[in-house]
Amino acid sequence: MEILAPVGSPEALAAAVKGGADSVYLGGKRFGARKFSDNFDSGQLEGAVAYAHDNNVKVYVTVNTLIKNDEMADAISFVKFLKDIDADAVIVQDTGLLRAIGRVDIKKHASTQMGIHSRKGLEWCSDNGIDRAILARELTADEIRYVIEGSPIETEAFVQGALCYCMSGGCLFSSIAGGRSGNRGECAQPCRKRYASNGREGYLMSTADLYCVDHLHALEKMGISAVKIEGRMRSAAHTYLTSKVYSMTLNNEMTEELEMTKHLLMTIFNRGYGTGYMGGVTNVVQSRYPDNRGQFISSVQIKDRRFDIRGTDIGIRDGLSIFRGNDKMGGLRVTGKGTVTVPFPISDGIYDIYRTYDQRIDAVKNIFRDVPELRGTKSIRPSVFEPKIAIRGKRRTELSFYVSSLKVLKEVIPYADRVYFDMNAETDAAKDMCDDIEFVTILPRFSPADEMREGAVMVHNPGQALAADGHARYGSYHMNMFNSMFPNVLDQVTLSAELSKKEIKMICDRYSGRLEQMVFGRIELMVTRDPEMMSTVLTDERGYEFPVYRDDRGFSHILNSADLLLLDHLDEISSMGIDSFGIDLRKRPAALASKAAKVFSERDTGKKKEIEDMCGSFTKGHYLRGV
């Protein structure tokens, strides 16, 4: 089993090698999910691969963002370049890009953003030329064991570092609410912000970091091919310490050196640690603070600017930070033993002390001080991407309504060509009401057992699409269709909610399959497995309110604060060749459903104000701005 380390800089590459990593993953200047990391230019990438291979370390390169049509040629060129410099694999999220590089002779790893979390997901990967799947982080250890049994491909699991609050590959919060797409490598981390809910206030979606050292041997026994450390945005020292902790543990080097390395890891970056969902569906949130405070030492009494450190392992030259609640009072370096004198004014009282630096980290940095000079001679050669033109033209665009209750269903039936109904206790009754209307069951977003229903179904990930083979299959916008290379295997697919008008038109001109565009409703920003998040309203620091509902499977769905409303643009969208308008009325009152269904059926822009008044707030989403 490989120890796979994150590399965001040449220094971190040396640190990973010295720390005992078997493989590393890193990114170029484009197409990587960590856009704000230093990353590597083409020459550095070639040098990095050579340096790693000289040290018997494999290199996997991230091309794991969603790719627009007008970027596809450059993305293909980049993957061919990676093959030319002997990179060991490319990590891909976009299924259109995967199809486009199918003939490039390089191993392909499915990013965790693909949402692979079932046996059918792994089978789909095998059928589509993928050599390894990076499993969704929402899986428990028991589910991983079940899913990978008899897997036709290699599998990889995250064991260390930041844990997304949202289900893998499905987060639209940063994009829709903040204009920076996580699917495009620009996540603004809205889950690390403060929210209020039902009298509670704090960092209600900020997860503790993964720390799964105790699960390492169990994962190896299951047959996991590699365990992955998150952290390309973190320091080289962090890369070294995490690599060493996991490599020593895997090799059963249970020594004092290992314990010291664990201690230093807890100091160099610490916003709280846990095992995520590995040990079961438990609370993953550390809501007191979202940032790195280092290692918590103790609460102390400060009097006359002095406090006692006897009985702790704090050493001379260690760095400490002093907090009162969420307020940082300041930091200092320890200069003596026994007691510490605070070098800035501070009132008497009880404070929390965190160690932010251990002087032994200086010695660690010396281990990888000699950073390799990474150079290369090969260049990225331009590729041509010219998909066939699809003759679509303006057509009668159908109305598809997303519904979760019988009351709302009754209101939309007179106007509906199609109904997407949530899979719940009322699904059978709803189907009986739709004798003359196409009825599609919305499958659950997460299902390691590949649950299925009779008849037409809406799918959200590649595994579900394969599991539903033989059914009429409709892809939701969580399939992340971002370009015209998206496989034309579904009966209809909904375009990504992050596309602009120009990008939608570009896809319509080049894709022959049926397409749906969302035109009304609250976009689903997140789905989380957090057992502590109940049906509520989350209010952010700007006063925006995000409705949350918890489904009968224990997953919570966080919706946008405003409704998408593209009533003014229906004719324009139809003229592109869109086959269906998506109107999401789940968890909405029957009165709004009745009004919206009638207005959208008649395309009555004069009634737009009435809908706006019933909604409260509205947005055009990314239709005019894109990402």
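The values are calculated or read from the model by the stated rules, or taken from the named source; none is laboratory data. Note that the structure is a prediction, hence the values are computed from the model and not measured. Backbone-built Cβ (ideal geometry, glycine too); neighbour counts: all protein chains shown. Surface accessibility is based on the protein's heavy atoms, side chains included, excluding ligands, DNA and RNA. Shrake-Rupley method; radii C 1.70, N 1.55, O 1.52, S 1.80 Å.
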Original post:
Only one of (1) surrounded by fewer than 22 Cβ atoms within 10 Å (Cβ to Cβ); (2) of a type in the set (D, E, K, R); (3) in contact with a helix residue (DSSP H, G or I) (Cβ under 9 Å, 6 or more places away or on another chain); (4) at pLDDT 95 or above fails for Asp491. Which number is that?
Top reply: (3)
**OP:** Select from segment 576-611 the residues that are open to solvent by 10 Å² or more (accessible area, probe 1.4 Å) and of a type in the set (Val, Ile, Thr) and list them in ascending order.
**Re:** Thr605
Original post:
Do we have Ala73 as closer than 21 Å to Met233 by Cα, among the aliphatic types (A, V, I, L, M) and open to solvent by less than 30 Å² (accessible area, probe 1.4 Å) here?
Top reply: no
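Under 23 Å from the mean Cα position of the chain (by Cα) and open to solvent by less than 10 Å² (accessible area, probe 1.4 Å): which single residue out of Gly475, Gly513 fits that description?
Gly475
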**OP:** May I ask you to say which residue of Asn483, Asn424, Asn461 is polar (S, T, N, Q) and open to solvent by 20 Å² or more (accessible area, probe 1.4 Å)?
**Re:** Asn424
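Determine whether segment 130-141 contains at least one residue that is over 30 Å from Ser379 (Cβ atoms) and outside any loop (DSSP other than H, G, I, E, B). Before the answer, list the steps.
To start, the set of residues in segment 130-141 that are over 30 Å from Ser379 (Cβ atoms) comprises 133, 135-141.
Still in the list and also outside any loop (DSSP other than H, G, I, E, B): 133, 141.
Yes, that holds for at least one residue.
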Original post:
Does at least one position in segment 76-85 carry a residue that is without any contact (Cβ under 8 Å) to a residue 12 or more places away in the chain and either assigned to a loop (DSSP other than H, G, I, E, B) or of a type outside the set (A, V, I, L, M, F, W, C) (or both)?
Top reply: no
Original post:
Across segment 142-170, which residue is nearest to Asn488 (Cα to Cα) among those that are touching a strand residue (DSSP E or B) at 6+ places or on another chain (Cβ under 7 Å) and part of a loop (DSSP other than H, G, I, E, B)?
Top reply: Gly170
**OP:** Quick one: in segment 188-212, of everything that is part of a loop (DSSP other than H, G, I, E, B) and modelled with pLDDT of 95 or more, which residue is surrounded by the most Cβ atoms within 10 Å (Cβ to Cβ)?
**Re:** Met205
**OP:** Go through segment 559-575 and give me each residue that's among the polar types (S, T, N, Q) and surrounded by fewer than 20 Cβ atoms within 10 Å (Cβ to Cβ).
**Re:** Ser574, Ser575
Subject >> Among (1) in a strand (DSSP E or B); (2) closer than 29 Å to Glu503 by Cβ, the one test that Asp70 misses >> reply: (1)
Original post:
Taking segment 301-340 as the search range and keeping residues that are in a loop (DSSP other than H, G, I, E, B) and among the acidic types (Asp, Glu), which one is farthest from Asp362 (Cα to Cα)?
Top reply: Asp304
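Taking the residues in segment 226-254 that are polar (S, T, N, Q) and open to solvent by less than 60 Å² (accessible area, probe 1.4 Å) as candidates, determine which candidate is modelled with the lowest pLDDT.
By that ranking, first place goes to Ser235.
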Subject >> Scope segment 94-148; condition closer than 18 Å to Ser168 by Cα, among the basic types (Lys, Arg), within 20 Å of the chain's Cα centre (by Cα) and open to solvent by 10 Å² or more (accessible area, probe 1.4 Å); matching residues >> reply: Arg137
Original post:
Counting only residues that are among the small types (Gly, Ala, Ser) and surrounded by 15 or more Cβ atoms within 10 Å (Cβ to Cβ), which one in segment 358-393 is nearest to Ala237 (Cα to Cα)?
Top reply: Gly376
**OP:** Find all pairs meeting these conditions: Cβ atoms under 6 angstrom apart; at least six residues apart or on different chains; first residue within segment 299-319 and within 15 Å of Met266 (Cβ to Cβ); second residue outside any loop (DSSP other than H, G, I, E, B) and open to solvent by 90 Å² or more (accessible area, probe 1.4 Å).
**Re:** Gly319/Arg333
Original post:
Among Gly455, Gly521, which is surrounded by fewer than 24 Cβ atoms within 10 Å (Cβ to Cβ) and under 21 Å from His557 (Cα atoms)?
Top reply: Gly521
Original post:
Does segment 549-558 contain at least one residue that is farther than 29 Å from Phe446 by Cβ, open to solvent by less than 40 Å² (accessible area, probe 1.4 Å), touching a residue at least 40 places away in the same chain (Cβ under 8 Å) and in contact with a helix residue (DSSP H, G or I) (Cβ under 9 Å, 6 or more places away or on another chain)?
Top reply: no
Original post:
Among the residues of segment 341-357, is there at least one that is over 30 Å from Met260 (Cα atoms), in contact (Cβ under 8 Å) with a residue 60 or more places away in the chain and either assigned to a loop (DSSP other than H, G, I, E, B) or open to solvent by 60 Å² or more (accessible area, probe 1.4 Å) (or both)?
Top reply: no
Subject >> Filter result (part of a strand (DSSP E or B) and touching a residue at least 60 places away in the same chain (Cβ under 8 Å)) within segment 40-60 >> reply: Phe40
Original post:
When you go through Gly311, Gly315, Gly319, Gly279 one by one, which is the residue that is open to solvent by 10 Å² or more (accessible area, probe 1.4 Å) and either within 30 Å of the chain's Cα centre (by Cα) or within 30 Å of Gln189 (Cβ to Cβ) (or both)?
Top reply: Gly279
Subject >> Selection count, segment 399-421, where residues are surrounded by fewer than 17 Cβ atoms within 10 Å (Cβ to Cβ) and touching a residue at least 40 places away in the same chain (Cβ under 8 Å) >> reply: 4
Original post:
Looking at segment 440-452, which of its residues are open to solvent by less than 20 Å² (accessible area, probe 1.4 Å), touching a helix residue (DSSP H, G or I) at 6+ places or on another chain (Cβ under 8 Å) and under 16 Å from Tyr402 (Cα atoms)?
Top reply: Thr441, Leu443
Original post:
Residue check, Ser298 against (1) surrounded by 20 or more Cβ atoms within 10 Å (Cβ to Cβ); (2) in a strand (DSSP E or B); (3) of a type in the set (S, T, N, Q), all met but one. Which one?
Top reply: (1)
**OP:** Give just the number: which of (1) modelled with pLDDT of 95 or more; (2) within 30 Å of the chain's Cα centre (by Cα) does Asn424 not satisfy?
**Re:** (1)
